[in-house]
Structures are given as structure tokens and as C-alpha cells.
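Participant: Before anything else, here's the structure in question.
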Amino acid sequence: MLDLDFVRGQFPAFAEPSLEGWAFFENAGGSYTCKPVIDRLFRFYHERKVQPYGPYPAAQAGGAEMDEARSRLAGLLGVATDEVSFGPSTSQNTYVLAQAFRQFLSPGDAIIVTNQDHEANTGAWRRLAEDGIEVREWRIDPVTGHLDPDALAQLLKDEKVRLVCFPHCSNVVGEINPVAEITAAAHAAGAFTCVDGVSYAPHGFPDVDALGCDIYLFSAYKTYGPHQGIMVIRHELGDALPNQAHFFNGKVLYKRFTPAGPDHAQVAACAGMVDYVEALAAHQGVTPGEVAGLMHAHEVKLMQPLLDFLGARNSVRLIGPREAVRRAPTVAVALQGPAAPVAEALAAHKVMAGGGDFYAVRPLEALGIAPAQGVLRLSFVHYTSEAEVTQLIEALDRVL
């Protein structure tokens, strides 16, 4: 079982007096930062805030730490070191990738997108229609929000599809999609896959090699780190796509899709996320790859009572599966009125939650929910305690 005392001891927010008594349930918008990341940021800004890779000790130490972040993340994700790129955000990384595909594809080629996505992993791809690319929409079930893999076969019916873009997990539906199965179907049809892992990665860093996808994207600030977008691009695809960076960086895979210069300190600090996972693994007596299973088991245990409570109330509509094992703990409910005032009311009970559309306008519309009304989103991660879930449920009982 997950040692929650050890876990919470790695996050300074739980020792912060101003946050005492508050239960944090808007982790899908960004998690607390772990101490190793904060320590690395502090050290970089104090000791190494110079141009990295220069011929003097501070610059060499800074460059080495940036390289360390890339290599250690690659090891955790099961990919080659140069297949990991950093960018200012996942939205920006996706936009740059879309521009590369704009040059790579030809009029008449097709791509598949879903209406289950956060806008960052669908909007940029849909704009390729401006250049004659056919955009096919893989649609969710309008009642459950489920993305049916069987429906994908109809969209892959010919040889025109070159790319399939879909989320590992939606930021409002919460259901975990079978990435390996979907990727295998896409590859069999001759298409590449781009997976938005932003809402999944906080619940356990994935083995990207095992998933088989060609692109995997997530945000470090949701995986206990700094505000960076992290993208894995496998060699077969990354080497084929047109360079989007300075021409002299075109032969370096991890630079090809980063038009701007890197944020030195934040890139370096990303190694702190691996520090945390490895420290937790050592404490629990497991491998770093097994930490995700510990996280998931703890989250499932805490999530099921919340799902049962919400599912039993006629005044709310629970979005996504009611079985905790099938989803991430990003739990959205549609109310009888606007969601934002309810989130405000929860704050009076020291519960931090959010109400709105969360850039998930397309899935909300597909589910028949007005984006202006939005949903109440209650999201947590493995550092959440059972007492905090109880605090949330009691607050919801009063507010709803």
C-alpha cells in the first residue's frame, strides 16, 4: 500500500500554514510541486543561471543538469534520450507538430480527431482542413462520453488516413482509453498516432514504448513539476517530419520541434520529477515502473466512494464510468445550473475545486451540456488522503 505520510512529506504544500485544512481537488488544472523539483529550481537560479554548456563550471553544470532531465525522463518513459523534447506548454508543442504535419501531408490525405479531447489536442489538428486535409471526427457516445474503439474501424476504412489523434484520458470524461489497442489499429491501417497524455500522466508516468504510439504529450506542471510541455516523438516519425526549428538544429531530433530556445532552469528542474518517483519507489521497495500501479490503486480506493455518492444523487449527472478502476480521478458532474457558483460555495468549506468548461467545449457539447453552464470538476492524485475525500463528500452534501 502507498505510504501516504512519506508521499505528502515530499510536497511542501502540505506543510504550508496558509493551505492547512484545505482539500485540493483541482489537480487536473495543475498539481502541487514536489520538493526535488523546487530544490533543483532553487539551485539552478542561485548557482547556474548562466548560458548553459559554456566553457566554465557554472555553465557546464547547468547544461549537464538539462541533459540529465532529458535522459532520466526518457528512461522512465521507456524511450531513447533524443526522443524526449521540451517546450513551453503542451498546447504550444501540439501547435508546432501540427505545422510540421501541414507540410508533411498532401491534399486528400486524412487525419482523425476526437470530440473527447481538450481543445489543445484537437483544434490545431482540425485547422489542417484549411490546406485540403480531410478531418474525420471520432465521436463519443453522447450519453456516457465513451470513445468506442470499434467505431474507429469505420474511420480507417481506406488508405487515406495518415494520423490518429486522441487522448489517453479526457479531462472531463475521465475514462482511460486503450492506447495500445487504438495504436495497433491505426498502425495496421498505415497511420501514425498522437496521444494527449496530459490528463493521464499525473496518475502514473506511462511506458510509452509499450503503448506503441508515435507521439505522446503531457505537461510537467501536472506531474508535480515546472510549467513545461513534454513530448515524446519516436524516431521513425520525428525524422520524417519537416524541421520546425532553426535550420542548423534540424539534425537533432529533440530540437527539431522546438522553435524557441529552451527554458534552461525549468528543463533542468524536470529531473526532480524522476527524483521523486525513484525516491518513492525505493521507499516502497518497488521499481520506478511499478510506482504507477501503487498510485492507481490508492486513487481507485479513494475514488469509488466519491463516484458512489455522486451517482446516487438525482440532482447531478456524473460524466464517465462509475467504476473507479476504469478511469482517472478526474470526476466531472453536470448540475441543474451553472457549475462555477457551486465551486465557489465549496471554497467556504475549504475545498478547492473548479467549475467551467475546462477547454473541453467539444465533449461538453457532444454530451448535451452547455459550455457556459459547464461542469463541476473534482480531481485528485495519489497524494490525496481519505480524510480529504470525506471532507469533499460532506461539503458536497451540504452545498448540493
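Participant: If we keep just the residues of segment 121-140 that are crowded, with 22+ Cβ neighbours inside 10 Å and touching a residue at least 40 places away in the same chain (Cβ under 8 Å), which is nearest to D196 (Cα to Cα)?
Facilitator: Ranking the qualifying residues of segment 121-140, first place goes to N121.
Participant: Let me ask something else. Could you count how many residues in segment 273-288 are touching an Asp or Glu at 6+ places or on another chain (Cβ under 7 Å) and crowded, with 17+ Cβ neighbours inside 10 Å?
Facilitator: So the answer is 1.
Participant: Among residues belonging to segment 43-58 that are open to solvent by less than 100 Å² (accessible area, probe 1.4 Å) and over 17 Å from A269 (Cβ atoms), point out the one that is farthest from the chain's Cα centre (by Cα). Outline the logic, then answer.
Facilitator: Taking segment 43-58 first, the residues open to solvent by less than 100 Å² (accessible area, probe 1.4 Å) are 43-44, 48, 50, 52, 54, 56, 58.
Going one step further and asking which of them are over 17 Å from A269 (Cβ atoms), we end up with 54, 56.
Numbers: G54: 34, Y56: 37 Å.
It comes out as Y56.
Participant: A further question on this structure: Spot the failing condition for L147; the list is (1) hydrophobic (A, V, I, L, M, F, W, C); (2) surrounded by 15 or more Cβ atoms within 10 Å (Cβ to Cβ); (3) closer than 19 Å to F101 by Cβ, and only one is missed.
Facilitator: Result: L147 passes all but (3).
Participant: Please determine whether any residue of segment 178-188 is open to solvent by less than 10 Å² (accessible area, probe 1.4 Å), in contact with a Ser or Thr (Cβ under 8 Å, 6 or more places away or on another chain), farther than 21 Å from V135 by Cα and not in a strand (DSSP E or B).
Facilitator: Scanning segment 178-188 turns up no residue that is open to solvent by less than 10 Å² (accessible area, probe 1.4 Å), in contact with a Ser or Thr (Cβ under 8 Å, 6 or more places away or on another chain), farther than 21 Å from V135 by Cα and not in a strand (DSSP E or B).
Participant: Additional query: Take segment 302-341 and flag every residue that is over 24 Å from A370 (Cα atoms), among the charged types (D, E, K, R) and in contact (Cβ under 8 Å) with a residue 60 or more places away in the chain.
Facilitator: R326
Participant: Something else now. Hey, among the residues in segment 113-162 that are among the acidic types (D, E) and part of a helix (DSSP H, G or I), which one's farthest from Y359 (Cα to Cα)?
Facilitator: Taking the candidates together, the pick is D150.
Participant: Moving to a separate point now. Here is a list: F192, F166. Which entry is within 20 Å of L367 (Cβ to Cβ), surrounded by 21 or more Cβ atoms within 10 Å (Cβ to Cβ) and either among the hydrophobic types (A, V, I, L, M, F, W, C) or assigned by the TED database to the domain that holds A268 (or both)? Before you say what the answer is, go through the steps one by one.
Facilitator: Numbers: F192 fails: within 20 Å of L367 (Cβ to Cβ).
Answer to the check: F166.
Participant: Kindly establish whether V252 is of a type in the set (A, V, I, L, M), crowded, with 18+ Cβ neighbours inside 10 Å and at pLDDT 95 or above.
Facilitator: Working: of a type in the set (A, V, I, L, M): yes; crowded, with 18+ Cβ neighbours inside 10 Å: no; at pLDDT 95 or above: yes.
The answer is no for V252.
Participant: For segment 227-249, how many residues meet the condition of being part of a strand (DSSP E or B) and either of a type in the set (D, E, K, R) or surrounded by fewer than 20 Cβ atoms within 10 Å (Cβ to Cβ) (or both)? Full working, then the answer.
Facilitator: Applying the first criterion (part of a strand (DSSP E or B)) to segment 227-249 yields 229-233.
Among the residues that remain, those that are also either of a type in the set (D, E, K, R) or surrounded by fewer than 20 Cβ atoms within 10 Å (Cβ to Cβ) (or both) are: none.
Number of matching residues: 0.
Participant: Those residues that are in contact (Cβ under 8 Å) with a residue 60 or more places away in the chain and either not in a loop (DSSP other than H, G, I, E, B) or not assigned by the TED database to the domain that holds H118 (or both), I need them from segment 195-211; list them, please.
Facilitator: Pass one, segment 195-211, residues in contact (Cβ under 8 Å) with a residue 60 or more places away in the chain: 196, 198-200, 202-210.
Within segment 195-211, D196, P202, H203, V208, D209, A210 meet the criteria.
For every residue, the table says whether it meets (1) open to solvent by 10 Å² or more (accessible area, probe 1.4 Å); (2) not in a loop (DSSP other than H, G, I, E, B).
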{"position": "P341", "(1), (2)": "yes, yes"}
{"position": "E344", "(1), (2)": "yes, yes"}
{"position": "G355", "(1), (2)": "yes, yes"}
{"position": "Y359", "(1), (2)": "yes, no"}
{"position": "A370", "(1), (2)": "yes, no"}
{"position": "V381", "(1), (2)": "no, no"}
{"position": "T384", "(1), (2)": "no, no"}
{"position": "A387", "(1), (2)": "yes, yes"}
{"position": "L396", "(1), (2)": "no, yes"}
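Participant: List pairs: first residue in segment 375-388 and over 20 Å from G293 (Cβ atoms), second residue assigned to a strand (DSSP E or B) and aromatic (F, W, Y) anywhere in the structure, Cβ distance under 8 angstrom, at least six positions apart or on different chains.
Facilitator: The qualifying pairs are E388/F24.
Participant: Please work out which one of (1) touching a strand residue (DSSP E or B) at 6+ places or on another chain (Cβ under 6 Å); (2) buried (at least 21 other Cβ atoms within 10 Å of the Cβ); (3) of a type in the set (D, E) is the condition E65 fails and give its number.
Facilitator: Going through the list (1) touching a strand residue (DSSP E or B) at 6+ places or on another chain (Cβ under 6 Å); (2) buried (at least 21 other Cβ atoms within 10 Å of the Cβ); (3) of a type in the set (D, E), E65 breaks only (1).
Participant: So which residues in segment 150-161 are open to solvent by less than 10 Å² (accessible area, probe 1.4 Å) and within 18 Å of L241 (Cα to Cα)? Working first, answer last.
Facilitator: Of segment 150-161, the ones open to solvent by less than 10 Å² (accessible area, probe 1.4 Å) are 152, 161.
Listed by number, the list holds a single entry, V161.
Participant: Count, please, the residues in segment 1-34 that happen to be surrounded by fewer than 16 Cβ atoms within 10 Å (Cβ to Cβ) and free of Cβ contacts under 8 Å to residues at least 40 places away in the same chain.
Facilitator: Residues flagged as surrounded by fewer than 16 Cβ atoms within 10 Å (Cβ to Cβ) and free of Cβ contacts under 8 Å to residues at least 40 places away in the same chain within segment 1-34 amount to 9.
The values are calculated or read from the model by the stated rules, or taken from the named source; none is laboratory data. Quick caveat: nothing in here was measured; it's all calculated off a predicted structure. Virtual Cβ from ideal backbone geometry, glycine too; neighbours counted across all protein chains shown. Accessible surface areas use protein heavy atoms only, side chains included; no ligands, DNA or RNA. Shrake-Rupley method; radii C 1.70, N 1.55, O 1.52, S 1.80 Å.
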